[in-house]
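Remarks on the structure that follows.
The values are calculated or read from the model by the stated rules, or taken from the named source; none is laboratory data. Keep in mind the model is a prediction, meaning the values are calculated, not measured. Cβ: placed from backbone, ideal geometry, glycine included. Neighbour counts: every protein chain shown. All accessible areas refer to the heavy atoms of the entire protein, side chains included, with ligands and DNA or RNA removed. Shrake-Rupley method; radii C 1.70, N 1.55, O 1.52, S 1.80 Å.
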Amino acid sequence: MTFTSYRRLLLPLVAGISFAASTQLLAADTLKFGIISTESSQNQRPMWQPFLDDMSEELGMEVEPFFATDYAAVIQAMRFDQIDLAWYGNKSAIEAVDRAGGEVFAQTIPANGQPGYWSLMIVHQDSDLHSVEDVLENSSDLVFGNGDPNSTSGYLVPGYYVFAQNDVDVATAFKRTLNSSHETNALSVANRQVDVATFNTESMERLEISAPEKAEQLRVVWTSPLIPSDPLVWRTNLSEETKDGLREFFFNYGDSDEEQAILEPLQWSYFKASNNDGLLPIRQLELFKQRADVANNESLSDADREQQLAELDAQLEALNQRLQDLQGAEANANTVATTD
């Protein structure tokens with residue numbers, strides 16, 4: 001092979017390597033932030049952009065939002081390293097940690113000072129339904145707006161407290177069931193397109209601001225126990241330098257009036273450090289729901305049911321022990337701090 005021929009062969013290869021390297025460098029200068037679809041992206045983008053702009057300025061790199069039509073797409077994006085960190089609900093955070101290489105690093109603190117929020121069941125203001133008992137008794141005649149399957153307040157929490165604890169199979173109980181975002185569920189109830197739907201207190205507060213005439217058309221018929229506030233999750237394989245920068249940004253954000261004004265539309269006041277243990281109460285709830293489903297599954301043989309229940313009970317016992325250990329450690333730390 002002549003030198004000229006060798007050179008002609010080598011140049012495209014070098015160009016390809018250079019292009020790949022420049023693409024990696026560009027990616028390293030951009031941080032992609034996943035945002036779960038509690039409502040339409042056209043509504044979410046204006047609320048998030050000032051916050052992301054501040055993050056971009058602090059980190060010295062562009063921060064791009066990643067919006068999707070459902071929670072699963074944000075989880076999958078993290079799994080394939082297409083996003084670097086994300087705001088999730090607790091249930092979707094569990095999926096991200098277990099299946100997408102995610103790690104909880106922070107917890108949002110609501111602006112209203114509450115330690116969390118609540119799941120709701122809502123009906124139209126003029127509905128004849130006044131309680132969850134009314135909903136269950138008339139379910140065969142009702143169109144139900146369920147939440148995204150990866151939503152904590154829209155799916156998991158009502159799935160356990162409303163349905164599993166009452167031995168109700170959502171798939172067969174209602175005349176028709178639709179799975180949608182919080183915003184879509186609320187508007188569908190207000191517009192009489194569905195009879196009853198899941199919702200939550202944070203989304204209700206937002207709707208009262210963005211569409212008060214629609215919020216006035218809603219009535220709450222059930223409120224859940226407290227749900228821990230939402231976590232923030234980053235990719236475990238994110239560089240330590242980037243993680244340090246994110247810690248510096250999040251754990252110091254919200255100190256000024258300007259930053260509080262930016263957090264206000266997101267309904268947050270500040271962020272505190274957290275880890276995967278913050279998901280334990282929701283993991284516990286999910287296992288309780290699975291256990292109820294197995295116990296009521298008549299298609300299982302007695303032997304299979306006993307085996308699955310034993311496995312779930314063992315997992316629940318391990319979770320209970322972990323929670324007790326954490327509570328004990330926290331109590332000891334508080335005692336030491338008081339003594340000092």
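Data table
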read-out	value
Filter result (touching a residue at least 12 places away in the same chain (Cβ under 8 Å), surrounded by 16 or more Cβ atoms within 10 Å (Cβ to Cβ) and either out of contact with any Leu (no Cβ under 7 Å at 6 or more places or on another chain) or more than 19 Å from Phe199 (Cβ to Cβ) (or both)) within the stretch 163-175	Ala164, Val170, Ala173
Matching strands (runs of 3 or more DSSP E) fully within the stretch 24-87 where at least 2 residues are over 28 Å from Gln260 (Cα atoms) and touching a helix residue (DSSP H, G or I) at 6+ places or on another chain (Cβ under 9 Å)	none
Residues within the stretch 237-269 that are of a type in the set (S, T, N, Q) and open to solvent by 70 Å² or more (accessible area, probe 1.4 Å), tallied	2
Unmet requirement for Glu240, which otherwise passes all of (1) at pLDDT below 95; (2) of a type outside the set (Phe, Trp, Tyr); (3) over 28 Å from Glu208 (Cβ atoms)	(1)
Hits in the stretch 179-192 - residues which are crowded, with 16+ Cβ neighbours inside 10 Å and not β-branched (Val, Ile, Thr)	Asn179, Ser180, Ser181, His182, Glu183, Asn185, Ala186, Leu187, Ser188, Ala190
Filter pass, Thr172 being closer than 25 Å to Leu287 by Cα, part of a helix (DSSP H, G or I), out of contact with any Ser or Thr (no Cβ under 6 Å at 6 or more places or on another chain) and of a type in the set (S, T, N, Q)	yes
Top-ranked residue in the stretch 58-74 [being within 12 Å of Thr30 (Cα to Cα) and among the charged types (D, E, K, R); ranked as most open to solvent (accessible area, probe 1.4 Å)]	Glu62
Output for the stretch 292-308, where each listed residue is at pLDDT 90 or above and surrounded by 16 or more Cβ atoms within 10 Å (Cβ to Cβ)	Val294, Arg305, Gln308
Of all residues in the stretch 86-110 being under 18 Å from Met47 (Cα atoms) and among the aliphatic types (A, V, I, L, M), the one that is least open to solvent (accessible area, probe 1.4 Å)	Ala86
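Residues are listed down the side, and each one gets a yes or a no for (1) under 27 Å from Phe250 (Cβ atoms); (2) free of Cβ contacts under 8 Å to residues at least 12 places away in the same chain:
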{"residue": "Ala273", "(1), (2)": "yes, no"}
{"residue": "Asp277", "(1), (2)": "yes, no"}
{"residue": "Gln284", "(1), (2)": "yes, no"}
{"residue": "Glu298", "(1), (2)": "no, yes"}
{"residue": "Ala310", "(1), (2)": "no, yes"}
{"residue": "Leu316", "(1), (2)": "no, no"}
{"residue": "Gln324", "(1), (2)": "no, yes"}
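Results for (1) open to solvent by 20 Å² or more (accessible area, probe 1.4 Å); (2) of a type outside the set (Ser, Thr, Tyr); (3) modelled with pLDDT of 95 or more, shown as yes or no for each residue.
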| position | (1), (2), (3) |
| --- | --- |
| Leu142 | no, yes, yes |
| Tyr161 | yes, no, no |
| Thr177 | yes, no, yes |
| Thr198 | no, no, yes |
| Glu202 | yes, yes, no |
| Ser210 | yes, no, no |
| Ala215 | no, yes, yes |
| Leu218 | no, yes, yes |
| Pro231 | no, yes, yes |
